[in-house]
Every structure is written in structure tokens, then in C-alpha cells.
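Chemist: Have a look at the structure that comes next, please.
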Amino acid sequence: MELDNLYQEVILDHYKNPQNKKLATNYDAQVHHVNPSCGDEIDLNLTITDGVVANISWDGVGCSISQASVSILTDLLIGKPISEAYSIFDQFVSLMQSKGSIPGDESVLEDAIALAGVSKYPARIKCALLGWMAFKDASVQAQAKSELG
Amino acid sequence: MELDNLYQEVILDHYKNPQNKKLATNYDAQVHHVNPSCGDEIDLNLTITDGVVANISWDGVGCSISQASVSILTDLLIGKPISEAYSIFDQFVSLMQSKGSIPGDESVLEDAIALAGVSKYPARIKCALLGWMAFKDASVQAQAKSELG
Amino acid sequence: MTFDPLTIRKDFPIFGRSIRDGKRLVYLDSGATSQKPSVVIDAESDFYRNHNAAAHRGAHQLAEEATEAIESARGIIADFLGGATDEIIFTKSSTEALNLLAYSIGSAAKENPFHLKAGDEIVVSEMEHHANLIPWQQLAKRTGAVLKWFEVEPNGRLDLSNMKSVITDRTKIVALTHQSNVLGTINPLAEIVKRAHEVGAIFILDACQSVPHMPVNVTDLDIDFLVFSGHKAVGPTGVGVLWGRASLLADLPPFLFGGSMIESVTMTDATWAPAPRKFEAGVPNMAQIVGLGAAVSYLTNIGMQKIHNHEIEITQYAISKLQEVEEVRIIGPTDMNLRGGAVSFTLGEIHPHDLGQYLDNSGIAVRTGHHCAWPLTRKMGVPSTTRASFYLYNTIEDIDALITGVRDAQKYFA
Amino acid sequence: MTFDPLTIRKDFPIFGRSIRDGKRLVYLDSGATSQKPSVVIDAESDFYRNHNAAAHRGAHQLAEEATEAIESARGIIADFLGGATDEIIFTKSSTEALNLLAYSIGSAAKENPFHLKAGDEIVVSEMEHHANLIPWQQLAKRTGAVLKWFEVEPNGRLDLSNMKSVITDRTKIVALTHQSNVLGTINPLAEIVKRAHEVGAIFILDACQSVPHMPVNVTDLDIDFLVFSGHKAVGPTGVGVLWGRASLLADLPPFLFGGSMIESVTMTDATWAPAPRKFEAGVPNMAQIVGLGAAVSYLTNIGMQKIHNHEIEITQYAISKLQEVEEVRIIGPTDMNLRGGAVSFTLGEIHPHDLGQYLDNSGIAVRTGHHCAWPLTRKMGVPSTTRASFYLYNTIEDIDALITGVRDAQKYFA
Ligand SMILES: Cc1ncc(COP(=O)(O)O)c(C=O)c1O
Ligand SMILES: Cc1ncc(COP(=O)(O)O)c(C=O)c1O
């Protein structure tokens, strides 16, 4: 069934058991992002310590794609140097915008590769990116803060 | 030639020798009307004495249809009781809006019957009516004034 | 003529195509936009192929024909709504029509009867589409007027118990939807219009979801302005209608400024043509107006009452079948009294986006989200819903497909 | 590919019909609206027949296809103008686009860079179409800003000798036509844009009469906003384009409020999506946007420079032949330097309406009147003119027909 390409096992697993879905009380940056076309929302708290993504925690409502995507993101990026996190971010965004034309590098994207099927459903790309855009936004804020302080 | 139905001899004559085309200095009402789609303009002065159209004079710029139509109007309506003028007015307007479906009553409309062909050219109906609408407007003003005074 | 949706479907070429590798198209998203019959598509094409020229602007035959084409559409639509020809103003959409009203009212000078001053009140409801909410929010901000609203009860009906405190002597505008695009609720207009007029307010009806689906007559309703969108009424995209009482249109200041709406222009000033011209600046959306005329004729030939009856029949069936599905919660009235064919629901914990995607995979088109009525979905306590909306071409078979799809999705995401 | 208007005409079905009992259609009114090639008509029909759904609003396949269709048109038009995709805003017309700018600027709060205060200056010219004049008159009235203008010289060129006193440190907006729809004059933009930017003003280009007729690149021109209408560029009616610099669109407040242009909405307030969405409230004029994409592709395939060269060639021929007719007075430049294919003229004492009617009777469509630029015709000392305007499908034979018609009319009304 074609739909199974979109809703891979990994995605449904993350959806049912979301990782790091409990806002940490300490953070360097906190953001709230919304997908205005469907009303999905996410709060994301981020801590960056010595150039490394020390913690990402979140809460929100959304479809399986958006929830799984942010859950996968936290698994993938926590513990990574911020520069590597950005490079993963870029690869993920390219994969999403590829309309299915590139397979994605599983050695880099790990579980996030399961979201490759989303790229064939233009209306869902924003769902998959919601958490990622929130992360990017938060990381810029966190870094700006650390430069100031 | 079909066009000759529109530009009847009578119309071209009135166009070349317009009647009463010199604004009288005495009048009961003076109006200025414009056809905004082409920029044609007319000034019309009207005197009504004892319920009779005593004088109509005018000046203006416009196409042959609009100029001939007001010239014919002056010939036709000067000297008529205002009630008869209104009835002629109504018949003329009906003729113009008839899309060629009625011939018009020559015994009432006299030279104005020559404008019957205009009714088949929707964009020109406003030209033919410009002077007539100015007359109607002026007559309402003149009568209001005479009632007051 | 008996009403037969299967015959009607043949008029709509899109039902000849298939979805997601060969599946039958089950189109349940007419609340967003309707499909178009061939007569409408052909009317637009025919205009371009045979009569295209700038209406109202040329003394040549094509210009005459183009003018005749759009003016006869104006007449058709006036008859359809029960208004006068010169009371019909063509816009690009309801959204533009509602913004036109808000901007034009907002620019009314002190001596103009439409003038709004600080402390005047504008009344809407919690079930408004953003297009009938944000323009009024903005107008209130610009003028200092106060925005008030009727609340929505849990059953999806307007709470009108406080009518007198919502619509007061300070109320200048009441702007209300006829039928909610989310809940399907049809609002009882008579008492609200009466109250609005009692206090001297104008009543504006957002008829986007009613005019395409049932008989609507502006004279019977005694309202002051009405808007609807062509694309939701089997008409072309890019055309909407504003109807207004002639006496009010005479006072209302214009909105868009440009060609064809003027009486006279100098470098520093301009005066306006009478309505409807005053509100139609620029070369009109001619082919779309002509297409809308064809659309309205098509609907009239079938009969608006028959269309409404058909929708009631399949909506009743849909609601009863949906209610049989465990975990379905219908957001909106479940009885058919004053209710049209838009049915929103949630399905347990399954997110509407996921349900919608699953249904799409089975060829079933529904809409998911807040349906441009975000304050309403919030009020109903749901971040978003799945909406199935019906029209003249939908069948009981379509509803059965929906129900099967919903049940299968339930298993898939279990 | 060599440019052959006779081959091009075959793409336009309307040339298959005849006028006034069997006469060949000589269409010289493209300045008012252009004719449409089959590819454009078919693109609209195909959208309705196969892909129609509400773009940006559904998770189903039709909605995806509709979204893809209009977004790819956005890309085509961005490439055509040399802008970025997100800088293209679809409106219903240039008239709407210019009013959008005037209203949005007018609502900019004090802290917004677009904010206008009493004493600020807005600069236009005497050769503006009403659509690029009245919105600025009104904005000036609303804000207390002062409207100033470049004058037109008897030869139909802008008098730029007083550039520095017209565009001053107080100037906030310069809004100018690229090519006059009456005179055919093409304005020398470089120095005016430079001066506008020197004083910190934004430069808005009314490109209604240039974009359809010659290569126009917003980056090369270094302008800030540009508008054009689809229907004058072989595209559908009911669609226009506003291009704006991304950085400016980010600051510009929205104009129409409603669905799809929001970020978040409560009963009392709303925030906006980024451009272009911020400026596109409501279900878009989708079929028309798709048609405009097809139109622009059609023009690009032929080549804008080739189209321009062809128009220059026939315009030059038309002017020289007209000048041979006694009593013809050309209103506008008679040399081809910075001049496009709109030729206005008077014929002795014969009223343009009569001349136009005579020509129409011979199958020749021209426009007569003030061409929605009334202050300009007044300035040129004529109540109205006859205008012949040319496009890619016009031929030398069309011009010869015009000249014969003019000479015959002269005899007829003598
Ligand atoms: C120079 C110019 N500006 C603006 C307009 C207005 O365009 P539209 O009527 O398509 O909005 C026109 C055409 O009528 C024009 O020629
Ligand atoms: C109730 C209601 N009002 C207004 C609108 C706005 O209509 P449009 O997007 O056609 O302008 C819609 C549809 O989206 C609607 O359902």
C-alpha cells in the first residue's frame, strides 16, 4: 500500500512513544511555532553547552508526521556539536524538498530517513519541518544569547 | 451600408448645423452633464413658462449622435407643454432601449425617429441620451424652483 | 425533473478522472471549493474565443458583445438573489467583498450615514470564517469601534439569549455567516436582522455557504448586504458577488480606485459613477463573470430547493452513519433542523491530518484543520477537525466510501 | 524561429470569427485588453476539468495538484520578471495591485518604514492611467501627504527638467507608468529611479503597457514594486501581478484580510503569514493564475524582444501612414525612440466616437475616449482621441486597413 511509504513503522512508533516530549525547566532558548494552515503547535526548549546540543525538549499537538519528526529530531541531535546538527538539518530539509528525487543518507539521518516518503506529499512537508524549524529558530536564539552573555 | 441606418441624413444635418447651440443668458435652470466613458460634455439652459417649455439652449462637445440628438430635442420640445415633453421623452428613451425591436412613432418623435438606429449600438445609446438626460434634470430643477417661487 | 446526482455528475468533467492510481474520486470538499460543470468551463472559453474585449470601454462590436455578456450575467445573478441588477457588484471573491465593505465603511466621512466613530459597535459571531472576522477587527482598530460577538454553544448553535446586550443602540454593523463552514449550522436570521434594524444597524450576510446550497432571497431576508463566492457555487475561480441595497450603495464610498468607476477626474480630485460602476474599478474579471452567470443558470435550472433537499438527505445519512463509528465526535449540530451539508468531526486520538491523508489514499477528498475559523475550533475544544462537505453531485455511495474509509483509518492508526 | 504574425494569429481562436456581417477582424485595441491564445484558454479549462480544488488548504491529491499548479505559475512569472518566487503576489488586476499598495502604505503604523505623515510627498505624472492616479490622490487625502507630478510636454514626453524640485527629500513614493497607454511614450526610468532612491523614496512601476510588450527585468531596472495585468498580456481576465522587493514586502502591512493570510487568529486579533501569503487572502483566482502562467510561457517562447521589435516596426509604419492623411494629428511622440505600440490621434473635426464607429463597421476595433487618463487628454488639449494599439498578432495589413478606414471615414463625415 502506497500509504505505507509515508507512514513507516518508525514514524508510527515515534508517534505513539514520542521521545523527550516533556518541557525541561532549564533551557537557553524557548520557542513556540505554529503551522497556520492546520493549527498544529509546538513548544521547544533547547540548551546548547560548549557548542554541543545538550538538550532538546518539547510539547505540542499535531499529526503523526509532525510529532514523529520532532521526536526523531531530538533523538538524532541531542549530543551532537551544533555545527553537525546544522549539517543534518540541511540534509533533512533537502530531503523534504526533493519530491522523492533523492533517497537521503541514512548514515547521517538515521531514523529521520523514514520521513523520506513525506517529500512526495507537498502538503505534509510543513508537518515534518515544524519541529525542525523550531529547533533552528531556538538554536539561533540560544547562540545569540551565549554570545551576549 | 448598415452604418447609414445609424448615421441618417437628418442626424448628419443636425450635427453640421446644430439648432439652439448658444447658451441663453436667461434661464430657470442650468445643468452640466458628462458622459464619463468618453468625456463628452453638455451645458443646457432651460426656461419653463406657464407649464410650457419656453426655451432650451445648449453648448457642448461630443460626437455626431450626441450633438444631433440634443439639437433635435430642442427643435422638438421648445413650445411643447411640459407634460407632453415628458411623454415624448419617455417614448424616446424607450426607443433607445429597444435594441431595434420597436420602430418608434414618427408622429410623436418627428426628426428624433432618425435616431432609432442608435438602439442597435449599445455603446452609443448614452450618446443619444446625453442631452435628453440633461433636459430631464434641468426640467426637474426648473419646476422645483417655480414651485418654490 | 427528478433530482439524480448520478446524472448531474456527468455534467462535471472532473469526475472522469481517478485519484491515487485508479481510485474513484469521492469529492467531499465542496465547502472549500466546488467542482465545475462543462457549461461553466465552456462559457469562459467561449467568451475568450469569440467575444473577448474590454467591456464598457469600446465602441466596437467585440466590446459591445463583452459588455452585453457581463451585464446579462449581472441580471441573472440579480434575479437569482431577488435583488435589482444595479445592486450586483462583481468582486474577485467574498473575501474581497467583505473587505470592500469594511474599507468603504471605514472611509465614510463624518456626514456619511456609514461613518463609524469610537465607541460604535460591530457585531459578529464566534463561528465566523476569518474573512468575516479579521476585516471587522481591523476596522474596529482603525476607528475605535468595539468588536462584539455572539458565542457558540457546545451543540454548535449561536447563543442568542443575550441578543439585546450584544446588539445595542451603539451597534452600527452586524456581520454574520448564514451557514457555518465548519459546523454546518444555519443561523436563524429573522430575529437577528429584526434586532439589527431595530437599533438602526446594517445587517451583512456572509452567504458563502448558503447561496450555493439553498434558496436565498435578499428581499425575503430583509438584509442589507450579502456576499458569496462563485467558486463555491459551481462557478469559476476569481469572481465573487456583493449585493447591497441600492439606497445604501448610493451612500457607501468606493473601495478600489481606477478606471471605469469615475464620473470626472483631475490631477487632484475625482468624483464617482453611480453603483454598481463605482465599486468596479478596472477592466472587469469578464470571463469569470460570464462563467458565474452560466453557473447560476445551471443551478437555477436544477432548482435550489431540490439541491438543498438532496443535501439534507445525504447529510442526515452521513451523520447517522458517522455516529455509529466508535470514537467519532461530531462538531456541530447532529439534528437536521437548520443545518446544511458540512459535517466536521474528530476520530478519537487520530489527528485529522492523518485521517485526511488516509482517506485521500482511498480517493476521498476531505478537508482537515481549522477551516479558516480558528477561534471557533478553539472554542469547540479541538485543535482541528476533519470536514466532509457535500453538494449536488455527491451520492449515498460517496458517504458509504467515507464511512468505510474512516473505519479503515481507525484500524490503520490503532 | 523567425517572427511571423500570420503564424501567431493561428494561435488565437478569435481571429477565426468575423465582424459586422462577414468582415475580417482587425483588432487594434490590445492596449485595452489582448486576445488569448488557445494554450491559455485550454490551461484554464484543464485546471477546472482535472485539478480543481482549493490550493493550500487540503491534504488531498486535487488540493496538492492545485497548489502545485499555482505555485509553478508563480515561479514562471518570477523568472519572467527577474524577481524571486516569493516576491510575486497574485491580485485580480493592476488596479487592485496599485490600490493594495496605497491602502497598505496608508495603514503603516508610525514605527513602520512605510508610514506616511502629513507633508510627505507622493510623486506621479500627468500621463498616469486613473488606476495609478486616484489611489494616490486618496492616500494623500487620508494621510495629509502632498501629491505632486511630472508634467507632460506637447510632444508627449515627460518634462524631467525639474526633477529635483519634483522629487525632494520629502518624497516617499514615486509611482510612474512605464509606457503611456494613450501616448505610447516609454519613460526613461533610470534617472528617475536613481533620484527616487537618492532621496529614500520607493519607486513603483505601472508596467501594464510594458510587461506585455517588451523585456522588463525588475533587477535591471532597480525598482521596488511593479504591477501588471494578465488580460493585457495574452492572459486570462481576473488576474494581475504585484511584484515587490522581498525586504519591502516583509514590512508592508497586509491589505485584504481573511483565510490563508494569517499566522494566528483570535476573536480580537490576528497576525500575518510571511509574503506572498500575507497579501493573498481567500481562495485564490486559481484557474486564472494557471492561465497567466501559460500566457507568460507562451510570450517567453516567442521572445519578448522579438515581440517588441515587431511592434516597433508596425508602429513606425502606422505613424508614417497616418501622417500622410490630411487632418490627422498624432497625440504622442512621432519618433520611435522610447516609444511603444499605442498610437492616439485626432482626425480634424470628426469626433473619435464617430470615427471609431465607422472603423468598427469595417471590422476594425479601436478605442475612443480619454482612455482612463482624463487629465492627460485634457492637458493635450483634446476632449478625446482615437487610439490604435498593436500587439504580436497585428500585421502591416491591419495597419493598411486602418488607414483605408480613416480615409473613408473622412469622406463619410465630410
Ligand atoms: C497604464 C495602465 N495602468 C493601469 C491599468 C489598469 O489595468 P486593469 O484595468 O487591468 O486593472 C491600465 C489598463 O487599463 C493601463 O493601461
Ligand atoms: C463562510 C465563509 N466565508 C467566507 C469565505 C471566503 O471565501 P473566499 O475564499 O472565496 O473569498 C469562505 C470560504 O472560504 C467561507 O466558507
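The values are calculated or read from the model by the stated rules, or taken from the named source; none is laboratory data. All figures in this text were calculated on a predicted structure; none of them were measured in a lab. Note that each Cβ is placed from the backbone with ideal geometry, even for glycine, and that neighbours are counted across all protein chains shown.
Chemist: Need pairs with beta-carbon distance below 9 Å; first residue at the interface with chain C (Cβ under 7 Å from one of its Cβ atoms) and touching a residue at least 24 places away in the same chain (Cβ under 8 Å) and within region A:26-42, second of a type in the set (D, E, K, R) and crowded, with 21+ Cβ neighbours inside 10 Å; sequence gap 6+ or separate chains.
Modeler: A:SER37/D:ARG57
Yes/no per residue for (1) more than 7 Å from chain C (Cβ to nearest Cβ); (2) not hydrophobic (A, V, I, L, M, F, W, C):
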| position | (1), (2) |
| --- | --- |
| D:ASP4 | yes, yes |
| D:ARG9 | yes, yes |
| D:PRO13 | no, yes |
| D:GLY31 | yes, yes |
| D:ASP42 | yes, yes |
| D:ALA54 | no, no |
| D:HIS60 | no, yes |
| D:ILE70 | yes, no |
| D:ASP86 | yes, yes |
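Chemist: Checking C:LYS232 against (1) touching a helix residue (DSSP H, G or I) at 6+ places or on another chain (Cβ under 8 Å); (2) under 24 Å from D:MET286 (Cα atoms), only one condition comes out false. Which one?
Modeler: (1)
Chemist: Separate question: Would you confirm, using the coordinates I've provided, whether D:SER247 is free of Cβ contacts under 8 Å to residues at least 40 places away in the same chain and more than 16 Å from ligand 2 (Cβ to nearest atom)? Explain how you work it out, then say what you get.
Modeler: Values: free of Cβ contacts under 8 Å to residues at least 40 places away in the same chain: yes; more than 16 Å from ligand 2 (Cβ to nearest atom): yes.
In short, yes.
Chemist: If we keep just the residues of region D:385-401 that are surrounded by fewer than 24 Cβ atoms within 10 Å (Cβ to Cβ) and touching a strand residue (DSSP E or B) at 6+ places or on another chain (Cβ under 7 Å), which is nearest to B:VAL61 (Cα to Cα)?
Modeler: Applying the filter and picking the extreme gives D:ALA401.
Chemist: Look at C:GLU324 and say whether it is farther than 30 Å from D:GLY291 by Cα and among the charged types (D, E, K, R). Lay out the reasoning, then the answer.
Modeler: Details: farther than 30 Å from D:GLY291 by Cα: yes; among the charged types (D, E, K, R): yes.
When the stated conditions are applied, C:GLU324 passes them.
Chemist: Hey, another quick one. Could you tell me which residue of region C:271-328 is nearest to the chain's Cα centre (by Cα), considering only residues that are without any contact (Cβ under 8 Å) to a residue 40 or more places away in the chain and closer than 20 Å to C:SER30 by Cβ?
Modeler: Among residues in region C:271-328 that are without any contact (Cβ under 8 Å) to a residue 40 or more places away in the chain and closer than 20 Å to C:SER30 by Cβ, the one nearest to the chain's Cα centre (by Cα) is C:ILE312.
Chemist: What is the number of the single condition among (1) more than 15 Å from ligand 2 (Cβ to nearest atom); (2) out of contact with any Lys or Arg (no Cβ under 6 Å at 6 or more places or on another chain) that D:TRP272 does not meet?
Modeler: D:TRP272 satisfies every listed condition except (2).
Chemist: Here is a further query. From D:SER229, D:SER264, grab the single residue that is surrounded by 23 or more Cβ atoms within 10 Å (Cβ to Cβ) and either within 10 Å of chain C (Cβ to nearest Cβ) or at negative phi (or both). Don't jump to the end; show me each part of the working.
Modeler: Values: D:SER264 fails: surrounded by 23 or more Cβ atoms within 10 Å (Cβ to Cβ).
Unique residue meeting the criteria: D:SER229.
Chemist: Test of understanding: among D:TYR27, D:TYR48, which residue is crowded, with 18+ Cβ neighbours inside 10 Å and either within 18 Å of the chain's Cα centre (by Cα) or more than 7 Å from every other protein chain (Cβ to nearest Cβ) (or both)?
Modeler: Values: D:TYR48 fails: either within 18 Å of the chain's Cα centre (by Cα) or more than 7 Å from every other protein chain (Cβ to nearest Cβ) (or both).
Unique residue meeting the criteria: D:TYR27.
Chemist: With the structure loaded, tell me whether B:ILE56 is in contact with a strand residue (DSSP E or B) (Cβ under 6 Å, 6 or more places away or on another chain) and more than 14 Å from chain D (Cβ to nearest Cβ) or whether it fails that test.
Modeler: For B:ILE56, the condition - in contact with a strand residue (DSSP E or B) (Cβ under 6 Å, 6 or more places away or on another chain) and more than 14 Å from chain D (Cβ to nearest Cβ) - is met.
Chemist: Can you tell me which of (1) under 17 Å from C:GLN305 (Cβ atoms); (2) in a loop (DSSP other than H, G, I, E, B) is the one C:ASP220 doesn't meet?
Modeler: Here C:ASP220 clears every test but (2).
Chemist: Another question about this same structure. Only one of D:GLN209, D:GLN305 is touching a Ser or Thr at 6+ places or on another chain (Cβ under 8 Å) and among the polar types (S, T, N, Q). Can you tell me which? Explain how you work it out, then say what you get.
Modeler: Working: D:GLN305 fails: touching a Ser or Thr at 6+ places or on another chain (Cβ under 8 Å).
Only one candidate passes the filter, namely D:GLN209.
Chemist: Separate question: May I ask you to list the residues in region C:158-181 that are within 11 Å of ligand 2 (Cβ to nearest atom) and either within 12 Å of another protein chain (Cβ to nearest Cβ) or more than 16 Å from C:ALA207 (Cα to Cα) (or both)? Full working, then the answer.
Modeler: The initial filter retains those residues of region C:158-181 that are within 11 Å of ligand 2 (Cβ to nearest atom), namely C:175-181.
Of everything in region C:158-181, just one residue is within 11 Å of ligand 2 (Cβ to nearest atom) and either within 12 Å of another protein chain (Cβ to nearest Cβ) or more than 16 Å from C:ALA207 (Cα to Cα) (or both), namely C:ASN181.
Chemist: Restricting attention to region C:404-414, which residues are outside any loop (DSSP other than H, G, I, E, B) and more than 14 Å from chain D (Cβ to nearest Cβ)? Working first, answer last.
Modeler: Just the residues of region C:404-414 that are outside any loop (DSSP other than H, G, I, E, B), to begin with: C:404-412.
Correct list: C:THR404, C:VAL406, C:ARG407, C:ASP408, C:GLN410, C:LYS411, C:TYR412.
Chemist: Would you point out which residue out of C:ALA401, C:ALA373, C:ALA342 is closer than 23 Å to C:PRO212 by Cβ, within 14 Å of chain A (Cβ to nearest Cβ) and in contact (Cβ under 8 Å) with a residue 40 or more places away in the chain? It would help to see each step written out before you state the result.
Modeler: Details: C:ALA401 fails: within 14 Å of chain A (Cβ to nearest Cβ); C:ALA342 fails: within 14 Å of chain A (Cβ to nearest Cβ).
The unique qualifying residue is C:ALA373.
Chemist: Tell me, which residue of region D:111-143 that is more than 14 Å from chain C (Cβ to nearest Cβ) and closer than 25 Å to D:MET261 by Cα is surrounded by the fewest Cβ atoms within 10 Å (Cβ to Cβ)?
Modeler: Only one residue tops the list, namely D:GLU111.
Chemist: If a residue must be in a helix (DSSP H, G or I) and free of Cβ contacts under 8 Å to residues at least 60 places away in the same chain, how many such residues does region A:94-115 contain? So that I can check it myself, show each step before the final result.
Modeler: First, pick out the residues of region A:94-115 that are in a helix (DSSP H, G or I): A:94-96, A:106-115.
Narrowing further to those that are free of Cβ contacts under 8 Å to residues at least 60 places away in the same chain: A:94-96, A:106-110, A:112-113.
Counting residues in region A:94-115 that are in a helix (DSSP H, G or I) and free of Cβ contacts under 8 Å to residues at least 60 places away in the same chain gives 10.
Chemist: Also, quick follow-up: Can you name the residue in region C:345-369 that is within 8 Å of chain A (Cβ to nearest Cβ) and in contact (Cβ under 8 Å) with a residue 40 or more places away in the chain and, of all such residues, is nearest to C:THR177 (Cα to Cα)? Spell out how you get there, then give the answer.
Modeler: Kept after step one, since they are within 8 Å of chain A (Cβ to nearest Cβ), are these residues of region C:345-369: C:351-354, C:357-358, C:361, C:368-369.
Retained after the next criterion (residues that are in contact (Cβ under 8 Å) with a residue 40 or more places away in the chain): C:354, C:358, C:361.
Numbers: C:ASP354: 29, C:TYR358: 31, C:ASN361: 33 Å.
Step by step, filter region C:345-369, then rank; the result is C:ASP354.
Chemist: Residue by residue through region A:117-139, note down the ones that are at pLDDT below 95 and not hydroxyl-bearing (Ser, Thr, Tyr). Can you show your working first?
Modeler: Of the residues in region A:117-139, the ones at pLDDT below 95 are A:117-127.
Passing the criteria: A:GLY117, A:VAL118, A:LYS120, A:PRO122, A:ALA123, A:ARG124, A:ILE125, A:LYS126, A:CYS127.
Chemist: Taking region A:29-60 only, how many residues are charged (D, E, K, R) and modelled with pLDDT of 95 or more? Lay out the reasoning, then the answer.
Modeler: Initial filter on region A:29-60 (charged (D, E, K, R)): A:40-41, A:43, A:50, A:59.
If we keep only those that are modelled with pLDDT of 95 or more as well, we get A:43, A:59.
Of the residues in region A:29-60, 2 are charged (D, E, K, R) and modelled with pLDDT of 95 or more.
Chemist: Within the group C:ASP335, C:ASP354, which residue is within 30 Å of C:ASN132 (Cα to Cα), of a type in the set (D, E, K, R), more than 16 Å from ligand 2 (Cβ to nearest atom) and surrounded by 21 or more Cβ atoms within 10 Å (Cβ to Cβ)? Spell out how you get there, then give the answer.
Modeler: Details: C:ASP335 fails: surrounded by 21 or more Cβ atoms within 10 Å (Cβ to Cβ).
Just one listed residue meets the conditions, C:ASP354.
Chemist: From the list D:SER165, D:SER104, D:SER161, pick out the single residue that is part of a loop (DSSP other than H, G, I, E, B), more than 16 Å from ligand 1 (Cβ to nearest atom) and assigned by TED's automatic domain parsing to the domain that holds D:GLY244.
Modeler: Working: D:SER165 fails: part of a loop (DSSP other than H, G, I, E, B); D:SER104 fails: part of a loop (DSSP other than H, G, I, E, B).
Testing whether each residue is part of a loop (DSSP other than H, G, I, E, B), more than 16 Å from ligand 1 (Cβ to nearest atom) and assigned by TED's automatic domain parsing to the domain that holds D:GLY244 leaves just D:SER161.
Okay, residues lined up against (1) part of a helix (DSSP H, G or I); (2) closer than 24 Å to D:ASN217 by Cα; (3) touching an Asp or Glu at 6+ places or on another chain (Cβ under 9 Å):
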{"residue": "D:ILE14", "(1), (2), (3)": "yes, no, no"}
{"residue": "D:ASP21", "(1), (2), (3)": "no, no, yes"}
{"residue": "D:ASP42", "(1), (2), (3)": "yes, no, no"}
{"residue": "D:SER45", "(1), (2), (3)": "yes, no, yes"}
{"residue": "D:LEU62", "(1), (2), (3)": "yes, no, yes"}
{"residue": "D:GLU65", "(1), (2), (3)": "yes, no, no"}
{"residue": "D:ARG74", "(1), (2), (3)": "yes, yes, yes"}
{"residue": "D:ALA109", "(1), (2), (3)": "no, no, no"}
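Chemist: Same structure again: Return the residue satisfying two criteria in turn: it lies in region C:376-398 and is more than 11 Å from chain A (Cβ to nearest Cβ) and small (Gly, Ala, Ser), and of such residues it is farthest from ligand 2 (Cβ to nearest atom).
Modeler: Ranking the candidates gives C:GLY381 first.
Chemist: Report whether or not C:ASN155 is within 11 Å of ligand 2 (Cβ to nearest atom) and either within 14 Å of another protein chain (Cβ to nearest Cβ) or not in a strand (DSSP E or B) (or both). Steps first, please.
Modeler: Details: within 11 Å of ligand 2 (Cβ to nearest atom): no; either within 14 Å of another protein chain (Cβ to nearest Cβ) or not in a strand (DSSP E or B) (or both): yes.
Answer is no for this residue.
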